[in-house]
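One structure is given below, encoded as structure tokens.
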There are 2 protein chains.
Amino acid sequence: MNWIWYPGDFEIYHGMLQNFQREERGYGWPAYWKMDDWRKNVCFSRDYELERDSRFVVHAQGVGYVAVDGRKYSFERDITCPAGKHKIEIYVGNMAALPCACVEGDVIHSTPEWMADDFRECRAVGYSPLYTEAEPNPNQIPWRYVPCKPVSKREVNGGVLFDFGRMINGSLKIITGDKAQTVTVAYGESEAEALDLKWCYYKEENTVDGMWLRKRAFRYVYIPEGSTETMDCEAVHEEFPLEVRASFHCDDALLNRIWDISVETFRLCSGLFFIDGIKRDRWIWSGDAYQSYFVNQYLFFDEEINKRTIRALRGNTEITQHLNTIVDYSMLWVIGLENHYWMTGDADFLAEMYPKLEAMMALLMKQTNELGFIYGRERDWIYIDWAEMDKDGVLCAEQILLWKCCRVMDDCGKVLGKPDAGWADKAAMLKANILHYFWNEEKQAFIDTYESGRNNVTRHANIFAILFGLVEADKTEAILDHVLLNDAIPAITTPYFKFFELDMWGKLGRLDIIWEALHTYWGGMVEKGAVTFWEQYDPTCTGKEHYAMYGDPFGKSLCHAWSASPIYLIGRYFLGVKPLEPGYTRYDVAPHVEFFKELHCVVPIRNGSVRIDKENGRVNIQASRE
Amino acid sequence: MNWIWYPGDFEIYHGMLQNFQREERGYGWPAYWKMDDWRKNVCFSRDYELERDSRFVVHAQGVGYVAVDGRKYSFERDITCPAGKHKIEIYVGNMAALPCACVEGDVIHSTPEWMADDFRECRAVGYSPLYTEAEPNPNQIPWRYVPCKPVSKREVNGGVLFDFGRMINGSLKIITGDKAQTVTVAYGESEAEALDLKWCYYKEENTVDGMWLRKRAFRYVYIPEGSTETMDCEAVHEEFPLEVRASFHCDDALLNRIWDISVETFRLCSGLFFIDGIKRDRWIWSGDAYQSYFVNQYLFFDEEINKRTIRALRGNTEITQHLNTIVDYSMLWVIGLENHYWMTGDADFLAEMYPKLEAMMALLMKQTNELGFIYGRERDWIYIDWAEMDKDGVLCAEQILLWKCCRVMDDCGKVLGKPDAGWADKAAMLKANILHYFWNEEKQAFIDTYESGRNNVTRHANIFAILFGLVEADKTEAILDHVLLNDAIPAITTPYFKFFELDMWGKLGRLDIIWEALHTYWGGMVEKGAVTFWEQYDPTCTGKEHYAMYGDPFGKSLCHAWSASPIYLIGRYFLGVKPLEPGYTRYDVAPHVEFFKELHCVVPIRNGSVRIDKENGRVNIQASRE
């Protein structure tokens, strides 16, 4: 039995809820882009041919009724359907939550075979392995609630500072021991933040004894009034049920610690969806999600969270605005979908998404010029990276993503047996124009844009060109010499783009560079006492400077999904596991054991795992599949 | 000060709430058509140039914040803005209700000049004269609550029957006098319905002493258990604040009673929107609403309820499905808009609706054939009337509505100074084809459809042809002789189409026919004890048969808006008041006083009223305007 809904609506509804969760200094901050709406009234139906009388009962979220051959019954009522042919329909309306239903019965019960009609189109229902019993229903998220107590408490500036020793994402209650007393509660991902009553992100005034406060992310709690003797607190952390299917242990203690902290970080940022960070923004960003798909593949190998995130980001078929308003994030959504297919071999999901892929490509192609180059429209954000770049014209980096999208469309069309829609031709034309207009012979590099005449070179387009396979060996060599190994070209500074850069180095076999980055960049955060990895790390900062970002002294998220990429980099490149065919029907295990004296690890693959051990110079690889 | 929202969203949100109110025998019955969604996150903004410091506070429904030149503040906080130029923005998200805001302050406060952005398009805000103070907010409907007591109580079949003496639309509470006792409550618009525990529409079991029950429509309440001595009840009727601006009193007592009952019926069916009936369906139907606009013009002359209903029916600009799924209802929406313009002269509202008019016409024109004739698509309902009709092909009645829509577009375009979009040409072409394909020379009448070859004649298309002015005097005469005054052609039986028929007779000056219909049809219901007018009346029925409809013994609504048309027929034709120019800048008062010995009445006009008195053979007409 499954709870059923109009396909895509579960993710649209919960995605919007998620994007409305942001909180900052006493006010709410709902996401500022157009969000698609879930349907408020739907009809579920299925025809049955019964050999004998059959009983069933319908549970639903919303108002409505069950109709058996047109005769109406209320929900929660025992209905007996006599032998013969029957049409069961369930009408549900819900304005404040997801309209959905489940049917319990021996023969008549809700399954993926049911149909959902939104009074425009009838389609196979949406469902999820999360909801296969009457409780919980799809308007409830099946969090695991983990009670947590602070690991330390001490007096600071006449108040009490609690340290939970780990990041918590959940609710908190203060025990003052005095029903009449109200206290101020300041939260912090860092100690410095909790102690800064003016600038901490979350602060709750007039808190009374025993009151549960709303879900927030924190490690430290500071109560400026009261004594360590009487004051106490406890928290309930909310953890999404996701199974960690990878493990990593080697002789390098720092690398082990980096792995563990990456796992902790990524678990915290993985709920119904991949969010960017737990303190800020708590939004579903397509660029961040793109990287999460890769990490997921090497940690949970959970296909469902990918699908939920992909659906939530995309919304309804009709599309007028780019994901999170960002043109490159729309394209990463397209490219991410192909990666999901390679990970899972799930052609059904690809088929479900195909009309949304087509509509997305139509939106993208509508804003291309006569050379096939994509440009930003009013209200579009051309992001690429937080980096100095010449954006005075159409951007090379965007064109490479568009070229890759055309390639994806061609590949997906072939998987689904669609007639040739000319995507390979479009890709070829675009590639020729990219090489003609953006490749600068003198600089032996791709320039940001040719329209400004400045011929500025940054690493971004050049990384994309190699990573997505636009260029062959000759130009790759040139780019390495003139850009990527050239210190005169500004380095990549954001962990967001560092993912693409390191992925590229991995593809080029330069594991030494990744190794170095892991130990210095992530190792640097470990040295600073990080228990989760930060949105950004700059080794030149000191003290509280580490917590500042976007002009805000505590603006930086200290638990950010895109900084969990060591999981992917280790699993994909050092342990060398990757699919050679979609869904790992063939796959490669080529670990670079030369980096390790000792190694004990497990890498998930589809429906199985690969165990890699090295001990006393002997390497052992064992694969198991269901 | 006004509460502000994204234009159209107030009506979309409350319209959906209304269309989810239907209840029948223990289950909910949300409307079965696609309903547009209101926006869940919006940004309101306005630029100010302040001469001195200015304080303001923002109230909002939802989560979000206020930004002054980008600096964020929470709602409900006193904000001081210094002299100079400033941009005020208010971001509000609300998934379960209407996101809206109001700004209180001397200089900075929310007005229709503010802009609303849904992150796709920035438009002037929506607002309503109903919401000009901090309370109530636009998620509350400003009902007037009228306490009501039953006028009689008597024992029937061992139980207690209460009669409130009038239709109530509100909540009920039973006073059993015994906290431990639970009772069953059966409701009825008629006594027979309340006493029928099996078939009554509304029944509440396990009701305890003093518990308020959900809003329902009823006159009678029956408690099968308990005695008249201990059992009591009371109700709170919910009345929407609408001012009756017309009055009618003449020497014909029956006509006076028909007027009064029509007023009672129409008041009950008028809330935020015009609904069809208070017991069933409680939905906003475009065809029913069309007739309500005409009645409103002669009773409340309330422009706002028209606008709210027009907006709620139409939803968002993009449109893929016909209103209530009915093609003719979409066209009546277009035609009703022109009538609203004639009533009000409100070109601003016409301009607001124009993009939605254009999108509606585009939808209609998309489903026309090479002759310009409109046909039904899959999922379209070609209604016209509950009547036997040859629907085996494109329908003449639909084409006449489409022709009228083209005329409306031409007229509206001229009012708004739009460039000629060819609507007059389309209308002319369509008219020529209608006359060529549907006019049957032999029958001297319009036939239902020419495609079936059956050449069937009903009154409907012929009534539309005269009413909407498709034909001139010659064909009008022919139609009268061969169809409308021809008893061999089946009579119109529904009050819905009777409105069009009588409106046509009024236009033709045949007030004698209207007079007769008022006295027999509506007079017949009066004779049967009606306190409100019924959805339908068949004088050949007896007893409980009067309450049956749609195959349900109590399926008939006994308080139905479309049966309140005597208000329009009397005001428009017998009292002869009508605009000669939009908004009554010129208007006609030509009462047919010959029908009355005595007459004391008031007919509203825009911003004024006309008083007509006849006494002792002397007629006095007085007009007053603000």
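Bear in mind that the values in this text are calculations on the coordinates, not laboratory data. Source: prediction; values computed, not measured. No Cβ is skipped: glycine too gets one built from the backbone with ideal geometry, and neighbour counts run over all protein chains shown.
Quick notes on this one:
- Take B:Trp386, move 7 Å from Cα toward the beta carbon, and the resulting point lies 6.5 nm from the same point in each other copy, nearest first.
- Sequence-distant contacts, meaning Cα pairs under 8 Å at least 6 residues apart, place the relative contact order of region B:9-124 at 29 percent.
- Between amide H atoms placed 1.01 Å from N, distances below 5 Å from B:Ile384 occur with B:Asp328, all of them 5 or more places distant or on a separate chain.
- The stretch between A:Asn486 and A:Arg77, if pulled fully straight at 0.36 nm per residue, gains 140.0 nm over its current Cα-Cα span.
- For B:Cys102, A:Cys541, A:Cys396, B:Cys269, order by how many other beta-carbon atoms lie within 10 Å, fewest first: A:Cys541, B:Cys102, B:Cys269, A:Cys396
- Residues in region A:270-278 carry Karplus couplings, in order, of 10, x, 4, 9, 7, 10, 6, x, 8 Hz; the curve used is 6.51 cos²θ - 1.76 cosθ + 1.60 with θ = phi - 60°, and Gly or Pro positions show x.
- By other beta-carbon atoms within 10 Å, ranking A:Tyr27, B:Tyr573 with the fewest at the front produces A:Tyr27, B:Tyr573.
- Extension gain, B:Ala253 to B:Val236: 0.36 nm times the residue separation minus the Cα-Cα distance gives 3.0 nm.
- Förster radius 60 Å - calculated FRET efficiency between A:Arg166 and B:Val415, Cβ distance, rounded to 0.05: 0.35
- FRET efficiency, 1/(1 + (r/R0)^6) with R0 60 Å, evaluated for B:Val146 and A:Val244 via beta carbons: 0.45
- Cα-projected label distance for A:Tyr32 with B:Thr540, points at 7 Å along beta-carbon direction, nm: 6.9
- Once both labels are positioned 7 Å from their Cα atoms along Cα-to-Cβ, the gap between A:Glu378 and B:Lys507 label points is 4.2 nm.
- Other-copy label distances relative to B:Pro112, 7 angstrom Cα-Cβ extension, nm: 5.4
- Measuring against 28 Å, Cα to Cα, the residue pairs B:Lys153/B:Lys198; A:Lys203/A:Lys307; B:Lys426/B:Lys475; A:Lys443/A:Lys498 contain A:Lys203/A:Lys307 as the ones spanning a longer distance.
- Average beta-carbon neighbours from other chains, 10 Å sphere, peptide B:30-37: 6
- Here region B:452-483 and region A:363-411 have alpha carbon centers that stand 60 Å from each other.
- Each peptide in B:168-174, B:461-467, A:439-445 gets a packing score, the mean of other Cβ atoms within 10 Å over its residues, and the list from highest to lowest is B:461-467, B:168-174, A:439-445.
- Treating r as the C-beta distance of A:Asp178 and B:Lys85 and R0 as 51 Å, the FRET efficiency rounds to 0.55.
- Applied to region B:163-175, the Karplus parametrisation 6.51 cos²θ - 1.76 cosθ + 1.60 on θ = phi - 60° returns per-residue 3J(HN,Hα) values of 10, 7, x, 7, 6, 10, 10, x, 9, 10, 9, 9, 10 Hz, with x for Gly and Pro.
- Tensor-based shape of region B:144-239 (alpha-carbon gyration tensor, a/c under 1.5 rounded, otherwise prolate or oblate): rounded
- Cα shape, chain B, gyration tensor, a/c 1.5 rule: oblate
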